[in-house]
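Read through the structure below, which is laid out as structure tokens, and then see the notes.
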Amino acid sequence: MRFIFDSNTWQEIFGSISKNKTRTVITVIGVLWGIFIYIALAGSAQGLNNGFDKAFKTVAMNSMFVWPQSTSMPHDGFKTGRQMDLRLNDVSTIQNRIQEVQYIAPRIRQGDGGPNSEPVYTVKGQKSGNYGLYGDYPVYTKIATKKIYDGGRFINEEDIEQARKVIVIGERVQQELFEKDEDPIGAYIRVGTVYFQVVGVHKLANGVSFDSDSDMFIPFTTHRKLYNTGDLVSYLCIAAYDDVDVVKVEKDIKALLRSTKRVHPDDERAFGSFNLGEAFGRTMDFAFGLTFMSLIVGIATILAGVIGIGNILLISVKERTKELGVRRALGATPSEVRNLIVLESVFLTLIAGVLGIILGAGVLSAINAFTKDVDFPYTNPTVPIPYVLGALVIMVVLGTLIGLIPAQRAVSIKPIDALREE
Amino acid sequence: MIEIKNLHKSYKMGSNSLHVLKGINFSVEEGELVAIMGSSGSGKSTLLNILGMLDELDEGSYDLDGVPIKNLNETKAANYRNKFLGFVFQSFNLINYKSAMENVALPLYYQRVGRKERQEKALKYLDQVGLKEWAEHLPSELSGGQKQRVAIARAMAAEPKVLLADEPTGALDSKTSYEVMDLIQKINDQGNTILIVTHEPDIADMCKRIVHLKDGIILEDKKIKQVRASEYV
């Protein structure tokens, strides 16, 4: 191993590769391309991964929705097609009977209970617009994180108890109803026929969101008083504990609802549901698959590049037959010749690898800069250091192995044959 | 310096065996300048290759400076070549991407001489062959005679016991040939042992001893009165 740390060895290698520039450049490009593809792919996959993570961060990952539909089977004397409904007492039933449930947020959408859910005509001074209106409990923010602007807040318990006429508006509502420099907090807006005081503005979460930026939230109790909906609920947002099987909880909840509402146990249509955990799992499987594929493709490309190096070195050994013969005649031992070729291979591979990593990192950061403000799940595309080091190790090992082929060829040339006059 | 007894060498050519050297007895003292002559196929290059440890002998013995040269592995042969021998080839065989000085320093590199010392020695030997000003030039920028002089400086740089020259003037015109021979004679005057393979009688006459090979045996081995190449330069 002494020769690796000998500056003379490196002078020889450096001399040989710097004096054959075209060959060196072409050789380097092969591996550079390979490691570049590897870094770009692995980084992009990681970026997508991070993007998904960020998108799902705004909601509880193990959450689901349950909403009423109509029955599809006759049962217990009822005809098929009976319209189902959800009420506040169902919330406590579920909470009491199903241990895995952490939070339940019943929501009511304006219009449910009436014929349609429809946006509400809202006025502020000279400006007006139509916006969705929801009756909510504070617990809703446990399931879907709401970013509230400076100075504002979400609905709290006192709002619920006293049925206060307070409202949390969306970002777009603020933009459309208020002047740019106007502070909406504390201002009054007319929703339908009733004036509400704005207590907060919620920012639209990037990524997965249950609400749009034009939705407005008022206390559930205020809503039920205003619109006379009693304890009717539009749908339930349910979050299970972190370590439970969400799919099973979803089934249990629906089974429980069927039995309390006297629906046929096999009637899947009576209640609709959507399971975010499952969707999230599927997305994450996809992201994992992508990462895995990028690794495979990247390593295969590196392999192709390294084989290219071996190939070019093989040709170069043939070209340099005479030179190697001279070196042998001047006293180079076979192992010195072998080391020269192998080290050339490893050195070229490493140079190419480092350049490729730098180039790949540059492209990744450029993509990152471009997608920063775009609604696309792509955040902070990085390649974990172990992946980079792993790739470097693979390259050095492959470079050595592939370098051994031309090196062996170089050693097998007898100096006498190399020097024979043509 | 060189002691060869009953040397045989044959090459296999397919099913036939070609007997090239058929019992050579030959010795060289220190400080001799020997020309090995013969037409092509006489075995002179084979003899030189065996002397240069580039090829192995089949039968007989070869002692170089008291060291028996037999059954060497490649590594040992390389070390001996480096220590004992300097080579000069017909086609110069300079490494084309190395400057004249780097070419001269190459055998020293394989002797593990430090870089600084290597360069100093290389410059010293380039100076001896009159090419100090050309140290930084690549072989492609040198004339044939200059290339051969660089090659001679390279062969001398390792301070070998014996200098082996295979048709050193074969690729040069007469004037340049004589210049090169003049240089070889001067090196010989300093006490170096030199063997030259040649088929040109005028070159052979510039040595101190001529060995004639024919069909693998020594036809004639005579000491001659040396013609100084400087008379022609």
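The values are calculated or read from the model by the stated rules, or taken from the named source; none is laboratory data. A quick note: this is a predicted structure, and the numbers were derived from the prediction, not measured. When we count neighbours, we look across all protein chains shown, and the Cβ atoms used for this are built from the backbone with ideal geometry, even at glycine.
What to note about this one:
- Among residues of the range A:131-154 that are without any contact (Cβ under 8 Å) to a residue 24 or more places away in the chain, those with a Cβ under 6 angstrom from a residue that is crowded, with 22+ Cβ neighbours inside 10 Å, sequence gap 6+ or separate chain, pair up as A:138/A:155.
- Test: residue B:69 is modelled with pLDDT under 90, among the β-branched types (Val, Ile, Thr) and closer than 29 Å to residue B:127 by Cα: no
- Verdict on residue A:257 being crowded, with 20+ Cβ neighbours inside 10 Å, more than 30 Å from residue A:128 (Cα to Cα) and under 21 Å from the mean Cα position of the chain (by Cα): no
- Considering the conditions (1) within 11 Å of another protein chain (Cβ to nearest Cβ); (2) over 20 Å from residue A:402 (Cα atoms), residue A:39 is excluded by exactly one of them, (1).
- Residue among B:129, B:233, B:197 that is among the hydrophobic types (A, V, I, L, M, F, W, C), touching a residue at least 40 places away in the same chain (Cβ under 8 Å) and surrounded by fewer than 17 Cβ atoms within 10 Å (Cβ to Cβ): B:233
- Residues in the range A:141-156 include at least one that is more than 26 Å from residue A:277 (Cα to Cα) and among the charged types (D, E, K, R).
- Residue within the range A:229-249 that is aromatic (Phe, Trp, Tyr), under 23 Å from the mean Cα position of the chain (by Cα) and modelled with pLDDT of 85 or more present: yes
- The residues in the range B:75-102 that are over 13 Å from residue B:156 (Cα atoms), in a helix (DSSP H, G or I) and at the interface with chain A (Cβ under 8 Å from one of its Cβ atoms) can be counted, and the count is 4.
- Taken over the range A:21-49, the criterion of being surrounded by fewer than 18 Cβ atoms within 10 Å (Cβ to Cβ) and of a type outside the set (Lys, Arg) is satisfied by A:22, A:25, A:26, A:29.
- The set of residues from the range A:231-244 being touching a residue at least 12 places away in the same chain (Cβ under 8 Å) and in a loop (DSSP other than H, G, I, E, B) comprises A:231, A:234, A:241, A:242, A:244.
- Checked against (1) under 23 Å from residue B:132 (Cα atoms); (2) within 14 Å of the chain's Cα centre (by Cα), residue B:102 passes all but a single condition, namely (2).
- Yes/no for residue B:57 being in a loop (DSSP other than H, G, I, E, B) and more than 8 Å from chain A (Cβ to nearest Cβ): yes
- Residue within the range A:368-381 that is in contact with a Gly (Cβ under 7 Å, 6 or more places away or on another chain) and within 14 Å of another protein chain (Cβ to nearest Cβ) present: no
- The lone criterion from (1) farther than 30 Å from residue A:31 by Cα; (2) in contact with a helix residue (DSSP H, G or I) (Cβ under 6 Å, 6 or more places away or on another chain) left unmet by residue A:250 is number (2).
- Failed item in (1) touching a residue at least 40 places away in the same chain (Cβ under 8 Å); (2) surrounded by 19 or more Cβ atoms within 10 Å (Cβ to Cβ); (3) farther than 30 Å from residue B:225 by Cβ, with residue B:58 passing the rest: (2)
- For the residues B:165, B:171, B:105, the requirement of being of a type outside the set (Ser, Thr, Tyr) and within 18 Å of residue A:324 (Cα to Cα) singles out B:105.
- Residue in the range B:122-150 that is farthest from residue B:91 (Cα to Cα), counting only those that are of a type in the set (Lys, Arg) and away from chain A (no Cβ under 14 Å): B:124
- Helices (runs of 4 or more DSSP H) fully within the range B:113-220 that include at least 2 residues being under 29 Å from residue B:65 (Cβ atoms) and either among the hydroxyl-bearing types (Ser, Thr, Tyr) or at pLDDT below 90 (or both): B:115-128.
- Selection status of residue A:352, assigned to a helix (DSSP H, G or I), away from chain B (no Cβ under 13 Å) and surrounded by fewer than 20 Cβ atoms within 10 Å (Cβ to Cβ): no
- Residue check for residue A:77: closer than 26 Å to residue A:301 by Cα and at pLDDT 80 or above: no
- Single residue of A:279, A:270 found to be loosely packed, with under 15 Cβ neighbours inside 10 Å and on the phi < 0 side of the Ramachandran plot: A:279
- Whichever residue in the range A:303-347 is small (Gly, Ala, Ser), under 29 Å from residue A:390 (Cα atoms) and crowded, with 24+ Cβ neighbours inside 10 Å and, among such residues, is nearest to the other protein chains (Cβ to nearest Cβ): A:345
- Just one of (1) under 17 Å from residue A:127 (Cα atoms); (2) modelled with pLDDT under 90 fails for residue A:189. It is (2).
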